[in-house]
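The values are calculated or read from the model by the stated rules, or taken from the named source; none is laboratory data. All values derive from a computational prediction rather than experimental measurement. Positions of Cβ are backbone-derived with ideal geometry, glycine not excepted, and every protein chain shown enters the neighbour counts.
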Amino acid sequence: MSFFALSMVGAYFFVSNSGKFHLFQGAQAVGGFPYQIGLTTVTVIPCFTTGYPPLCEGGTLCLTKDAASCTLYSDVSGSPAGGMGMNALFLNTSIAQAGLTSGGQLIAGGMSNVLMDNGVLASTAGCAGCMAKANKVDKIKEVFDYVIASFK
């Protein structure tokens, strides 16, 4: 096998490594946001309403949400691994899309720590808000698949 073929196989396995791939993809997408965080050993605390009048409680930042949208969010905190903070509010749908669980790691970007609704959230299991970057990387992966198949 030639050096070119070996380098293509190595590049294929680098792109195929899903955990690093999602964080790499997230890091590219996060670069365009003014507020960026990286956390390890995260803790996900769902926000909930309680009392009369209803108040949003749960994690530290849940107090910033109103009672109507409270249960749509979770407070995510952890050990800082880079960026500008150690906690942020995320939509539960984004957390599920990224596959983030307590004890994991994340990289995220948004307008502020409480305005991560339209931002990017990436963990080793997936990436929420990375679709524009994913299409480019997927096309590169398709080229690698084609080149590797042609050597078989």
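T71 - would you say it is of a type outside the set (K, R) and part of a loop (DSSP other than H, G, I, E, B)? Considered against the rule, which asks whether it is of a type outside the set (K, R) and part of a loop (DSSP other than H, G, I, E, B), T71 comes out as no.
The set of residues in region 61-85 that are exposed (fewer than 14 other Cβ atoms within 10 Å of the Cβ) and among the polar types (S, T, N, Q) comprises S69, S79.
For the subset of region 102-114 comprising residues that are part of a loop (DSSP other than H, G, I, E, B) and at pLDDT below 90, which member is surrounded by the fewest Cβ atoms within 10 Å (Cβ to Cβ)? Looking at residues that are part of a loop (DSSP other than H, G, I, E, B) and at pLDDT below 90, I get M111. Residue count for region 19-42, restricted to those that are modelled with pLDDT of 75 or more, within 13 Å of L106 (Cβ to Cβ) and surrounded by 16 or more Cβ atoms within 10 Å (Cβ to Cβ): 5.
Matching residues to (1) in a strand (DSSP E or B); (2) over 20 Å from G32 (Cα atoms); (3) modelled with pLDDT under 90:
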position	(1), (2), (3)
C62	no, yes, no
G85	no, no, yes
S94	no, no, no
L100	no, yes, no
M116	no, no, yes
A134	no, no, yes
E142	no, yes, yes
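When you scan region 2-14, do you find a residue that is more than 20 Å from Q105 (Cβ to Cβ), modelled with pLDDT of 50 or more and in a loop (DSSP other than H, G, I, E, B), even just one? Within region 2-14, none of the residues are more than 20 Å from Q105 (Cβ to Cβ), modelled with pLDDT of 50 or more and in a loop (DSSP other than H, G, I, E, B).
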